[in-house]
Amino acid sequence: MKKWICLPLCVLLLLALFCAGQSKTSATTEHTIRVYFLSSNMTSDSALIPESRILDPKQDSVQQLIQWLLADPKDADHDPLFPSSVTLISKKLSDSVLTLNFSSEYSELTGADLTVANAAVVLTVTQLEDIDGVILLSAGERVLPNTTLPLTTDDFDLSGKSADPVGINVPLYFLSENGVDVVAEPREVQASDSSISSAAQAVLDALCTGPQTKGLHSFFPTTSEGVTLKIKSKTCFLTINDVWRNVLLDADAHATLSAWAITATLTGVDGIDQVIYLEDSTEIPGLSNKEIAAVYNTP
């Protein structure tokens, strides 16, 4: 699923041109319905592409659609949108708004991965005549914490034209030429959408890409793979693997300048006040706010 999504600093979110005329269908008779997957064909006009399924009126329509969305596509040129571990915990329909509560693995999706996954769910289930909007939850918490409104097809680009990336101005912190100072490099990075999680992911990816200023050096691995990002109540939770742990902690398990640089950079994003580093759902003591603040107080 990364072929569409890992384009340098921007994402083409082209949501199938032919679904601009999204029609409603009844669940009382057997009929064909579209289920959306990710196109693995880079020459395709759309990031999302539908596959036809026959909806059985004797079974729960929403349940059928979600099962198809979470399963592998039939076409070899299409890719799944979700980790295989994602499951549907519960669903509730009220006043034409469908609330879907997925397992916690859904929240592991970030940036463009999350945007196209959300779009696929909304485009698929709103074909049912009694559903106009969708609220997406992961383990009971909103996937998009900054909005209380349900998602509808109007929230996604159905025109067949590429969605413009969102520019974010933020200082990125890198290692100076002398190797003992941290220097801010003003940058504009491109996020896939206007959500805080997309902004944070874009900033993290830019840190991994490295500085543009001659003489500055990067602290970080060349990819953000191994870091899971989640935003909640103006806090950015970063779950890291051993590679990143070795970068952010010294031999005595104390925070390094690289940890200070990441925290300083991410808290420069609007909507993020602090960064908490996790391993196996537990905060890493050496990377507490107090430990990181003590590393470098005067950039």
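If the requirement is being over 30 Å from L93 (Cβ atoms) and of a type outside the set (F, W, Y), which of these qualifies: I196, I168?
I168
Tell me, please, whether a residue that is among the small types (G, A, S) and either buried (at least 16 other Cβ atoms within 10 Å of the Cβ) or at pLDDT 85 or above (or both) can be found in the range 178-188.
Yes; the residues of the range 178-188 include at least one that is among the small types (G, A, S) and either buried (at least 16 other Cβ atoms within 10 Å of the Cβ) or at pLDDT 85 or above (or both).
Taking S197 as meeting all but one of (1) crowded, with 19+ Cβ neighbours inside 10 Å; (2) outside any helix (DSSP H, G or I); (3) in contact (Cβ under 8 Å) with a residue 40 or more places away in the chain; (4) of a type outside the set (A, V, I, L, M), write down the number of the exception.
(2)
In this structure, does A251 turn out to be without any contact (Cβ under 8 Å) to a residue 12 or more places away in the chain and farther than 16 Å from L175 by Cα?
When the stated conditions are applied, A251 passes them.
For residues that are without any contact (Cβ under 8 Å) to a residue 24 or more places away in the chain and charged (D, E, K, R), scanning just the range 111-160, find the one that is surrounded by the fewest Cβ atoms within 10 Å (Cβ to Cβ).
Selected residue: D154.
What single numbered condition from (1) farther than 15 Å from V116 by Cβ; (2) at pLDDT 90 or above fails to hold for I168?
For I168, the exception is condition (2).
The values are calculated or read from the model by the stated rules, or taken from the named source; none is laboratory data. Note that the structure is a prediction, hence the values are computed from the model and not measured. With ideal geometry, Cβ positions are generated from the backbone for all residues, glycine too; neighbour counts draw on all protein chains shown.
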